[in-house]
Structures are given as structure tokens and as C-alpha cells.
């Protein structure tokens with residue numbers, strides 16, 4: 001049997017998302033625990049822990065420690081479920097632990113492939129002005145299901161058309177290429193928009209409209 005003799009807040013937590021505590025058993029430091037574990041397992045002074053419960057608590061403590069890494073990582077940007085699995089792939093954690101972390105992330109709403117896809121498409125179309133073909137390929141690489149990709153792309157296409165987005169992307173470049181002869185400018189415009197992931201039909205329409213305006 002083990003007895004909780006002290007529960008001390010850690011002076012520095014790796015993340016601001018949750019508080020962490022040092023748990024002392026029988027007068028000696030035993031493990032670190034996040035606030036969820038302390039509450040769920042009622043880790044208060046005087047608590048008696050059986051060897052069987054101790055094994056479960058240590059397992060949950062490991063999950064909590066990994067969650068700290070996830071909080072920091074997700075602080076940079078949202079991630080898909082596949083990205084989380086890839087993050088752990090070359091590390092020494094068991095599949096059981098990885099699956100448990102992903103389940104916690106889902107419960108907290110941090111891993112949600114639909115919301116991830118929405119944010120990714122919006123950001124790529126707004127800041128990078130990428131075409132649908134390129135964005136679909138990016139989402140596929142990030143493990144997003146085809147159904148989710150089609151749903152999100154369909155919604156974004158109704159917000160702004162591919163042709164209009166292609167025109168916006170090209171208009172910025174036209175200022176850089178203003179000294180090129182028309183034939184070379186036309187060719188570079190087509191090549192540029194195709195590299196951005198726009199479909200050829202939309203590329204041709206956008207380029208011809210801009211050239212007529214010019």
C-alpha cells in the first residue's frame with residue numbers, strides 16, 4: 001500500500017493549459033500529475049493507494065505528461081489526427097499510450113479533422129491563394145478523409161470562386177513581371193497559376209480576363 005503524504009503545486013508548468021503537481025508517497029517524491037489526474041483519482045493527503053491502482057495512476061500520469069507536449073505543439077497551430085500519430089511514430093511510446101493521448105485530445109476538442117480541414121483550407125486560400133487541386137493534395141497528405149475534403153472544399157468554393165482567387169493571385173505577380181513582353185508574360189502567368197494548384201480551365205479564364213483588362 002502507498003499513502004499520499006504531500007501534494008505540491010509545481011512552480012513551473014510546461015503549459016499554461018493545466019496545473020501540475022508533485023505527488024509524494026510515504027514521504028518521498030513519486031510522480032508528477034496534472035490537475036485532471038489529481039481530481040479524478042482524488043490524490044489528496046492521506047489517500048491510500050493499492051498496488052493495482054498505483055499501476056493505473058502511473059499510466060495516467062504518463063498520458064498527462066504527454067498532453068503537456070501536445071498543448072505546446074498545438075499552441076503553434078491545429079493538427080490532424082494523422083499528424084499526431086506521425087509525431088509519436090519515431091518515439092518510444094507504446095501504441096496503447098498513443099491511442100489514449102489521441103482519445104484525450106479528441107475529448108478536449110483539440111483533434112477534430114473536420115475543423116482542422118476548414119481552418120487549413122481557409123488559411124491556404126486566404127494567405128497563400130492556393131488552388132483546389134493543391135489544397136486537396138495537402139489535406140490528403142495530412143490524412144483527412146475524402147468525404148471531409150470534398151465537404152470543406154465545396155463550402156469554400158461557394159465563398160470565392162477558383163477563377164476569382166486565381167485572378168487575385170495573378171494580379172500580385174503581374175506587378176513583378178510588368179517589363180516582360182506579352183507572349184512571355186502570358187506563358188509565365190499560366191505556369192504560375194498551375195503551380196499554385198488551380199485547374200487549367202480556371203487558369204485560362206483568369207489569365208485571359210486579366211490580359212483583356214490590361
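The values are calculated or read from the model by the stated rules, or taken from the named source; none is laboratory data. Predicted, not measured: the structure shown is a model, and the values here were computed from it. Cβ placement follows ideal geometry from the backbone for every residue including glycine, while neighbour counts extend to all protein chains displayed.
Values as computed for the structure displayed
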read-out: Residue in segment 196-204 that is free of Cβ contacts under 8 Å to residues at least 24 places away in the same chain, loosely packed, with under 12 Cβ neighbours inside 10 Å and within 30 Å of residue 74 (Cβ to Cβ) present; value: no
read-out: Filter result for the condition that a residue is in contact with a helix residue (DSSP H, G or I) (Cβ under 6 Å, 6 or more places away or on another chain) and either assigned by TED's automatic domain parsing to the domain that holds residue 133 or more than 15 Å from residue 133 (Cα to Cα) (or both), over 167, 172; value: 167
read-out: Unique residue being within 19 Å of residue 85 (Cα to Cα), surrounded by 14 or more Cβ atoms within 10 Å (Cβ to Cβ), in contact with a helix residue (DSSP H, G or I) (Cβ under 9 Å, 6 or more places away or on another chain) and not assigned by TED's automatic domain parsing to the domain that holds residue 75 when the list is 146, 142, 118; value: 142
read-out: Any pair with Cβ under 6 angstrom, 6 or more apart, that starts in segment 113-132 at a residue that is closer than 17 Å to residue 203 by Cβ and ends at one that is modelled with pLDDT of 90 or more and not in a helix (DSSP H, G or I); value: 130/196; 130/197; 131/196; 131/197; 131/198
read-out: Matching residues in segment 153-180 - criterion: being over 22 Å from residue 203 (Cβ atoms) and at pLDDT 85 or above; value: none
read-out: Where a residue in segment 43-56 is in a helix (DSSP H, G or I) and its partner, wherever it lies, is loosely packed, with under 12 Cβ neighbours inside 10 Å, with Cβ under 8 Å and at least six apart; value: 51/1
